[in-house]
Amino acid sequence: MDDIAVERRVVLGLQHTVAMFGATVLVPLILGLSPSLALLSAGIGTLLFHLVTKGIVPVFLGSSFAFIAPIGLAQAEGYSLVSIGVGIVGAGVVYLIVSFLVTVIPDGTHKIRALFPAIVTGPIIAVIGITLAPVAISQAQGNWWLALVTLAAVIVASIWFRGIFKMLPILTGFIVGYVVSIIFGQVDFAAFNDAKWLAWPDFGGVFGGGEFDFGAVWLIAPVAFVTMIEHVGDILTNGRVVGKDFFDNPGVNRTLLGDGIATMFAGLIGGPPNTTYSENTGVLAVTKVYDPRVLRIGAGFAILLGFIPKFGGLLQTVPVPVLGGISIVLFGMIASIGLRVLTDAGVDFTQSRNLIVAALILVFGLGVSGLDSPIQIGDVSVSGLALAAVVGVIANLILPKAIDEPEYEEAAEKAA
């Protein structure tokens, strides 16, 4: 289905922009940064990623939620814009260093892959979707009937529509939900009316001015070690959805490099750090259109939004419950893919070892994510997903693979 007309790719690209928009602008809104710069850095960052990864990985990059806590702390400590910008650039440098190590270490890609077999990646992917589920529900609960109308439109388009409309269930649900919102007076056009048609973004980051203090770098840059675990999970998920091995081609060293360069660019201009977006992987799973050119078109729309505040203002008028109806499908699809990974790999859950590894990932991932605040290790906030990934990898490495084999059990009995 990748050989599709240009006009269809344009519409499909717009759908990807819609999917990433809410989360990408939310991060700068929380941190008091510029949404226009976030969109600009997401679009250009995505294009840089595609350039580095030979244009074959259908990935979209957007604002990373993992950096909200350290950047917020840096702001509270009074660090300047230039210090925070350099800290974000430093996070990108961490990606570049790890990418270099994967490249030069013999069989580095295989070693990274060995850390993430199906028994680890499947539950981690499920945790990603389930962790995002409360976000979808909280969005929907403001107006359940509007969210359900949007959700129904997505389901109907995905199952019963034909042709171009079958490939656009997310955009169809978005339009239906928005039109219904307007009809029933649920839309506040203030953001649209107040926005300018064209405006040059106020660049910050390393150009933001102020006295440089290296302390901000120590607060922000180390978080990259946490987000890299999420990066690996997202690349594995993306490959599972598309049916290709992106660890082998173009290689995880290139995907890490692309993510790092995109984050460095964001730090230079004053945008939040970038990361691969599960929302857009969910769109791939729903539409089954995996053409990377579609993602690049979506990146182009994001760049345009960065320079057209009026269009961004229009998207900001979309009622949150409409986004909730869409998110229910997208986030649920991600969780389902995690289960499919386990099924496709034939993971045997009669094995105690597999049950333990999966149980640890699920409990730590979902349990920590359900806390009022993330776990703090020094000044770094550790997300439930990152902790689940670390625990899962360690458990998979240290638990003996022969734990359920008859010979092993007999030997254990004799030893007792």
By Cβ neighbour count within 10 Å, fewest first, 237, 150, 109 rank 109, 237, 150
At a 10 Å Cβ-Cβ cut-off, how would you order 16, 110, 231, fewest neighbours first? 110, 231, 16
Estimated distance in nm for a label pair at residue 175 and residue 394, the labels positioned 7 Å out from Cα along Cα-to-Cβ: 5.1 nm
How long is the gain from residue 355 to residue 161 if the chain were fully straight, where each residue apart is worth 0.36 nm and the alpha carbon distance is subtracted? 65.8 nm
Expected vector for the range 319-334, Karplus 3J(HN,Hα) from phi with 6.51, -1.76, 1.60 and θ = phi - 60°, integer Hz, x for Gly and Pro, equals x, 4, x, 5, 5, x, x, 5, 5, 4, 6, 4, 6, x, 5, 4
In a shell of Cβ-Cβ distance under 10 Å around residue 241, excluding residue 241 itself, what net charge do Lys and Arg (+1) and Asp and Glu (-1) give? +4
Report, by chain and number, residues whose modeled amide H sits under 5 Å from the one on residue 61, excluding near sequence neighbours (fewer than 5 apart, same chain). 46
Sort 285-298, 55-68, 241-254 by the packing proxy (mean of other Cβ within 10 Å over each peptide's residues), most packed first. 55-68, 285-298, 241-254
For the chain, with only Lys/Arg (+1) and Asp/Glu (-1) charged at the beta-carbon, what is the dipole magnitude about the Cα centre, in debye rounded to 20? 1140 debye
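For the range 6-401, compute the number of Lys pairs whose alpha carbons are separated by less than 16 Å, excluding pairs fewer than 8 positions apart on the same chain. Don't skip to the end; give the middle numbers.
Details: 54/244; 166/288; 196/310; 244/288.
For the range 6-401, the number of qualifying lysine pairs is 4.
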Can you tell me the length gained on complete extension of the stretch residue 198 to residue 218, counting 0.36 nm per residue apart and subtracting the Cα distance? 3.5 nm
At most 12 other Cβ atoms within 10 Å and a DSSP loop assignment: could you name the trypsin sites (Lys or Arg not before Pro) in the range 84-178 that fit? 162
With viscosity set to 1.002 mPa s at 20 °C, what whole-number translational diffusion coefficient in µm²/s follows for the range 6-401 from Stokes-Einstein and a Kirkwood radius over Cα pairs? 101 µm²/s
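Bear in mind that the values in this text are calculations on the coordinates, not laboratory data. In this text the structure is predicted, and so the values were computed from the model without any measurement. Methodologically, a virtual Cβ is constructed for each residue, glycine included, from the backbone with ideal geometry; neighbour enumeration extends over all protein chains shown.
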